[in-house]
Amino acid sequence: MRVARAAGVVALVMASVAVAAEPPEGFVSLFNGSDLSGWRGRPHIDPAKEAEGSPEERAARQAGWDADLHQHWKVVDGEIVSDGHGVFLTTDRDYGDVDLMLEWMLPAPCADSGIYLRGNPQVQIWDPACERDFKHGCQKGSGGLWNNPEGSPGKWPLVKADRPIGEWNTTHIRMRGDRVTVDLNGHRVVDDQPLANYFQKGEPLPSRGAIQIQTHGAPMHVRHVFVREPGPAEPGPAEPEPGFVSLFDGRSLDGWQGALAGHEVTEGELRCRAGVGGNLLTLREYGDFTLRFEFRLTPGANNGLGIRAPATGDAAFEGMEIQILDDRHPKYAALKDWQVHGSIYGVVAATRDCLRPVGDWNEEEVTVRGSQVTVVVNGTTVVDADIAPFRDGAPTPDGRPHPGLARTKGHLGFLGHGDEVHFRNIRIKEFP
């Protein structure tokens, strides 16, 4: 069974020939240059299977994996060297969102390896000139999310950026939620695409898991392995976003209408005031777009994002409402699945448990194209649905009429329900 490989991340400059052993600012090293401290052995295994058994059974199993690791992985001249066999090189702790930087080199033709993220395959590493693997697509190059379903974005790299066999390759990987960006030798090969859950098909990717470097029958070398775990309150966006324009200047409510008195601008944030709220809508109307924003909840807070809404009326029914909600709060224990955060209220359920702890900043992206609506929260796609059937008369899950689903244009806005919620970095990209 071929399982995926390699990885890369975004926007840091690192030469592949002479890189200091010291990690870049904000990063920590996962390899000390002298031994395999901080690493353990682990094969290709479903994390759920790994967790089975008593503590004693798990410890014995891990001891066997570790013994195997030291038979097949060595440190030679400041490099991690694998003979291509045995268990995978695995971090001894789990990671969620990360920026990962490393260099790798395949010393022989037709070598094959990869990088597992959260214990799941994988960012592909292989020899693009290996005729044996042409049937698997190796000629397209390394860096793709090879184990993703056929036809899914990110499965194949955007460009072939590999250096020849025997030369070092530099990989940067950025992972936010289930979305992965890979830069290989300075070229973007995967651009913000979801990594599929290999072991539980169709289920969300685990929120945390080990980083692994795969063995696949041929030697490989690794060096300069650095990782950074982003803080939950980091303001974004970190990079220019072509085509996006800001909807909030951080100083005033210019460009907005409606419940102006229920909202305030403080410290560069747009805040829905506790006990007041109301619908704060854009002056302009929008049809098809991608909207990005950050939000911070207070305990039990309830809000919503209005889409294609009229200037008056209940936006959840006369337009669409994407839920913004502290759905983990005890008072919401009996929520319907079409009420949780990220859902299209009353219409489409969202994947749960995408929110960061209350008080931390969250990132959300909502894309609307015709009847297709996609919601991404903290890098995880929680809704990807076509609402056309409900436009055509199919009953909605809440059993209520939603005439606003037929609208193709309307106002955007935040639908305050009397709870304090903070917003910032609100920007939009319109589609013709």
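The numbers here are math on the coordinates, done by the rules we state, and not lab data. Bear in mind that the values here come from a model prediction, so they are computed numbers and not experimental data. Here Cβ is always computed from backbone atoms with ideal geometry, including for glycine, and neighbour counts include all displayed protein chains.
In debye to the nearest 20, how big a dipole does segment 245-430 give about its Cα centre with +1 on each Lys and Arg Cβ and -1 on each Asp and Glu Cβ? It would help to have the intermediate numbers written out before the result.
Working: 20 positive and 26 negative charges, 31 e Å.
The calculated dipole for segment 245-430 is roughly 140 debye.
What FRET efficiency would be calculated for the residue pair S34, H187, taking the C-beta separation as r and a Förster radius of 35 Å, to the nearest 0.05?
So, using R0 = 35 Å, E works out to roughly 0.65.
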Ascending count of other beta-carbon atoms within 10 Å, so fewest first, for T215, T396: T396, T215
Assigned charges on the beta-carbon of Lys, Arg, Asp, Glu; the chain dipole about Cα centre (debye): 680
Which value at 222 nm does the chain reach when only helices count, each DSSP H run of 4 or more adding -39,500 (n - 2.57), with the total divided by all residues and rounded to the nearest 500 deg cm²/dmol? -2000 deg cm²/dmol
Charge-dipole axis of the chain as Lys and Arg at +1 and Asp and Glu at -1 on Cβ define it, positive-most pick from N362, G154, Y286: Y286
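Order these by the 10 Å Cβ neighbour count, fewest first: V245, V358, V190, V377. Show your work: numbers first, answer last.
Working: V245 9, V358 15, V190 30, V377 25.
Going from least to most buried by this count: V245, V358, V377, V190.
Between D384 and S207, what is 0.36 nm times their sequence separation minus the Cα-Cα distance? Round to one decimal in nm. All intermediate terms of the calculation are to be shown ahead of the outcome.
Numbers: separation 177, 0.36 × 177 = 63.72 nm, distance 1.90 nm.
Taking 0.36 nm per residue and subtracting the Cα distance, the gain is 61.8 nm.
Run the numbers for H70 and E241: contour at 0.36 nm per residue of separation, minus the present Cα-Cα distance, in nm.
Gain on stretching H70 to E241: 57.0 nm.
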What are the lysines whose alpha-carbon lies under 30 Å from the alpha-carbon of K429, with same-chain residues fewer than 8 places away excluded? K155, K160, K409
Options (i) 137; (ii) 213; (iii) 156 for volume of the Cα convex hull per residue in Å³; the value derived from the coordinates is listed as (iii)
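If neighbour count is taken as other Cβ atoms inside 10 Å, put H224, H70 in order from fewest to most.
Numbers: H224 24, H70 13.
Ordered by Cβ neighbours within 10 Å, fewest first: H70, H224.
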Helix 55-72 against the longest principal axis of the chain: what's the angle in degrees, Cα atoms only, rounded to the nearest 10? 50
With the dipole of the chain defined by +1 on each Lys or Arg Cβ and -1 on each Asp or Glu Cβ, the option from A210, L405, F248 whose Cα lies farthest towards the positive pole is L405
